[in-house]
Structures are given as C-alpha cells and as structure tokens.
Amino acid sequence: MEFSEFLNTYLLPTAIIVAQIFAIIVPLLVAVAYLTYFERKVIASMQLRKGPNVVGPFGLLQPLADGAKLFIKETILPSGANKILFAMAPMLTFILSLIAWAVIPFDAGMVLADINVGILYLFAISSLGVYGVIMAGWASNSKYAFLGALRSAAQMVSYEVSIGFVIITVLLCVGSLNLSAIVEAQKTIWFAIPLLPMFVIFFVSALAETNRAPFDLPEGESELVAGYFVEYSSMTFALFFLGEYANMILMSGMTAVLFLGGMVAADRHSTV
Amino acid sequence: MVQAIAFYAFAFVTIAAGVMVVSSRNPVHSVLYLILAFFNAAGLFVLIGAEFIAMILVVVYVGAVAVLFLFVVMMLDINFVELRQGFMHYLPIGALLGLILLVELFFVIGIWSFSEDGNMLAAVIPIQNISNTHALGNVLYTKYVYLFQAAGLILLIAMIGAIVLTLRSRPGVRKQKIADQLSRRSEDVLDVVKVKEGEGV
C-alpha cells in the first residue's frame, strides 16, 4: 500500500517527466546533427563543391560519423589549464542550451514546464550562456582563447540588452510572461506584422547572440584561430559545437514564439 | 517533503558558496562561487513562490553584474601573496561589520515574531489566480509609483554621471567625420589634367 502510494506520488511523475525530456532532447540533437549537414551542403553548393557525399547516401550519415570520430578521439587537457573549469565550461554551454527547451510550447498544452515567467526564464538562461564562453577562455590559459572569449562575451552581453527590450515590447502587447499566453495572443495576427521593426531587431540580435555571420567576428579564424574553444578537442569540443547549434535552433524557436505565432501557425489551416 | 529537501539543499549550497567566496584563494573562483550563491538564492525564491524575483535575480545579478565582475577580475594581474598579507589587518573591521549585520538580522526576525504589527510586514501569501508578476506590478505602479520613479531617476543620474566621468575629449585625435566624407564631391577634389607626353604635370 505504502509502496504504491510512493510509486504514484514520486516515481511515476518522475518517469513521465524523464520520458518527456527525452522526447524533447533526442529530436533536438538529431536536428542539430542535420543542421550541420545542411549548412555544409548549402555552403558547398554556394562554392560549387559537392559537400559531404561519401558516408551513406548523399552523405547523410556524415554527422553521425563526425560524432563518432569526436567521441573516440583523445581529450587533451592543456598543462597550464585550470582543469576543473576547463572541463566545466563545455558542459555548462551544452546544459544551458538544453534546459532552455523546457519552457518552449510545441502545441497547445504540449510543454514540459508551463511556468508563469517563461519568457524571463528563457532570457535568464540565454544570459547565462556567456559564462561557458568566459570560463572556457580563461581556463584554457591561452592568449588566443582568452581574447576570443572576451570578444565573444562582449558581443553576447551587448546584444542581450536589445533582446531584452524587444521582449519587453512583446510583453506589453500580451500582458503576460507565459509563453503559451504569448502564442495565444497571436491568434488574430502574428506580432511580426504590427511589430515589424522589433522583429528585425530581434533577428539581428539573435544572429549576434549566436555568433553567426555577419556577426562571426569573435571566431576571428584569421587572427584568433577559432576564438574561445581553440584549446578544446574531442568530446569537449563536440559539446561546444552541439551547444552552439542547439542555441541557434533555440533562438529560432524564440523568434517563432514571440513573433511568428508559435504553434498557432500550424493550427491556422484547420480553423480557417 | 521534496520541498524541504530542496530548501535545505539550496540553503546549504548558498551558505557554502558564500563561505567559498570569502575564503577561496583565486579571485576568479571567488566570483564563480558568488554566481553559484546567486543561483541558489534564486532557487530559494522559487521555493517560496516568488518566481519573478528569482528570474530577475538571475538576469540582473548573474547575467549582467557578475559578468562585469568576472571581466574585471580576469583582466587584473593580482599578486596572491600580497593579497594574503593584509588579511589580519582587515580582520577586526570585517568581523565588526559581520557582527552588526548579524544583530540587524536578529532584530528583523525578532520584530516579525514578537511585535503585533510585525505580522503585517511579513510575507503575505499572494491572492490566488493572480501571478506574482501582476501582484508586484499592482503595488509598484500604484502605491509606490513615486518611489519607483525616484529610483529610476537615481539610476539615470548614475548613468549620466558615469558617462560624464569617463568621457574625455583628447586633442589631436583623428576622428572620422562621416558627414564630411559623404558630402565630398569628385568635382571639388579631383582635377582631371591632360598630361603631355614627356613633360609631366
């Protein structure tokens, strides 16, 4: 009797939540893997190359092969590095890019944690992303990594401000911090239309926040080799990579929720 | 039960991180422990149902203030041995400050538990079916609107002050004047000259 009670109050909800978490994370990681593949293919065709085409049909297994390669390689800890922080930085980046997905609504009521302050939570998590970068740059004990980290951190902190102001504009229109409410408020019209300038600002800031072209200055491959993660190898590097791409998808998700009507977009055809 | 466990976990980590902020040898580690302490304080806020304050704590203190701390501390070239030497010198005044804060804390708790008016000041459970963002906004923009505006004004003055203090115009600096550059016309600055062969201009 007591055991079944324990099972029902603690174990069962935990199991359900873990299952939901996996249902979010596994597609996300697959999406990240194929986003890299997609990017490489598109860049290749822009430069009149073929891109990855050897592993599997059309090179479709290339991301998996890359992942396996990075997993098998040796993890190198630089001798002058601060070992604990050096190992923690990529983990932090990766974890932060995953936990933000807890509040993104996928459909009406289909959200892991429907909290009251959803958008503030997203904003808080994205403002923490800068720590992974700074810690990586400092702990590597290398000039290039440190300078790269400073550039990257400065850029991320500055564009955070404009993202915050854009979010406030949207909140004034909605009157709630809940993401489902924000999506609900766009039933009649997407905020991208009345708030077009804000939408553009948000998009530009999102590019800067994720260090993508034309804001890929922090990477500085010609003078800083690659920015803050120069010293990283194998799985630690892979975590940075996964975190960065997951952040891009997250920023796109935020854009969709704030301006493009979220899941209402898919709903529209059935109601009209 | 889960809440109690969470409370003790957050509270223990907050205090442990606070101790490490003071005692850790490397200032960068100190700042990182400070961030951990902020984080756990935010966790405590969530536990008492103040999720708005918790998120603001993370956004403002962890996301902005601590980043600047970290920036400054990382760039400093600190001599750790020298830093240790002053420790005994500053110990009495530090201990005094700590003692004063402790006594004040006792006063606050004492008023809550013994005075009859004190119960009014203690945390009130917010009315249900209103989120605490709404509840906060309701008092902040009505009852305390003048204080709120005054706080904003003070921050504005601080901002202007910081700009005034750090902005200095040095002579002899070549600056780009974009308006001048754009208003240049090729007819004004270019002469097309027919040069005869073997003579030069």
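Each residue of the range A:37-46 in order: what ³J(HN,Hα) in whole Hz does its phi give by Karplus 6.51 cos²θ - 1.76 cosθ + 1.60, θ = phi - 60°, with x for Gly and Pro?
Residue by residue, the range A:37-46 yields 4, 4, 4, 5, 5, 5, 4, 4, 6, 5 Hz.
From Cα pairs below 8 angstrom and at least 6 apart in sequence, can you work out the relative contact order of the range A:111-219, rounded to a whole percent? Walk me through the numbers before you get to the answer.
On the way: 92 pairs, mean separation 34.5, N = 109.
Normalised by residue count, the contact order of the range A:111-219 is 32 percent.
Counting only protein chains, not ligands or nucleic acids, how are B:191, B:180, A:216 ordered by accessible area (probe 1.4 Å), most first? Let's see the in-between values first.
Working: B:191 135, B:180 90, A:216 60 Å².
Largest accessible area first, the list is B:191, B:180, A:216.
Under the definition of Cα pairs under 8 Å and six or more residues apart, what whole-number percent is the relative contact order of chain A?
Numbers: 345 pairs, mean separation 68.2, N = 272.
Result for chain A is 25 percent.
Just counting partner chain Cβ atoms within 10 Å, what average do the residues of peptide B:58-68 show around their Cβ?
The mean count of partner-chain Cβ atoms within 10 Å per residue comes to 5.
Checking the a/c ratio against 1.5 first, then a/b against b/c, what shape does the Cα gyration tensor give for the range A:51-119?
oblate
Rounded, prolate or oblate: which fits the protein assembly as shown, taking a ≥ b ≥ c as square roots of the Cα gyration tensor eigenvalues, rounded meaning a/c under 1.5, else prolate when a/b beats b/c?
In terms of gyration-tensor shape, rounded.
Need one value: the accessible area of residue B:183 in square angstrom, 1.4 angstrom probe, rounded to the nearest 10.
Roughly 80 Å² of residue B:183 is accessible to a 1.4 Å probe.
Only four residue types carry charge here, +1 at the Cβ of Lys and Arg and -1 at the Cβ of Asp and Glu. Report the dipole size of the protein assembly as shown about the Cα centre in Debye, rounded to the nearest 20.
Details: 24 positive and 29 negative charges, 218 e Å.
Roughly 1040 debye for the protein assembly as shown.
How do A:231, B:51 stack up against each other in accessible area, from largest to smallest, with a 1.4 angstrom probe?
Ranking A:231, B:51 by accessible area, largest first, yields A:231, B:51.
Using a Gaussian network model of chain A with C-alpha springs under 10 Å, which one of A:194, A:57, A:27 is most mobile by mean-square fluctuation?
It is A:57.
Express in Å², to the nearest 10, the accessible area of residue A:34 obtained by rolling a 1.4 Å probe over the protein heavy atoms while all chains stay in place.
Here the residue's solvent-accessible area equals roughly 70 Å².
Divide by every residue of chain A the summed helix terms, -39500 (n - 2.57) for each DSSP H run of at least 4, and state the resulting mean residue ellipticity at 222 nm, rounded to the nearest 500 deg cm²/dmol. Don't jump to the answer; show the numbers that get you there.
Numbers: 10 runs with 176 residues, N = 272.
About -22000 deg cm²/dmol.
Cβ neighbours within 10 Å, averaged per peptide: list A:84-95, A:38-49 in order, most packed at the top.
Per-residue mean Cβ counts within 10 Å order the peptides as A:84-95, A:38-49.
If you count only protein heavy atoms and use a 1.4 Å probe, how large is the accessible surface of residue A:69, to the nearest 10 Å²?
100
Between the range B:1-67 and the range A:109-167, how many Å separate their Cα centres?
17
The values are calculated or read from the model by the stated rules, or taken from the named source; none is laboratory data. Since we're looking at a predicted model, the values are computed, not measured. When we count neighbours, we look across all protein chains shown, and the Cβ atoms used for this are built from the backbone with ideal geometry, even at glycine. Ligands, DNA and RNA are excluded from the accessible area calculation, which covers all protein heavy atoms including side chains. Shrake-Rupley method; radii C 1.70, N 1.55, O 1.52, S 1.80 Å.
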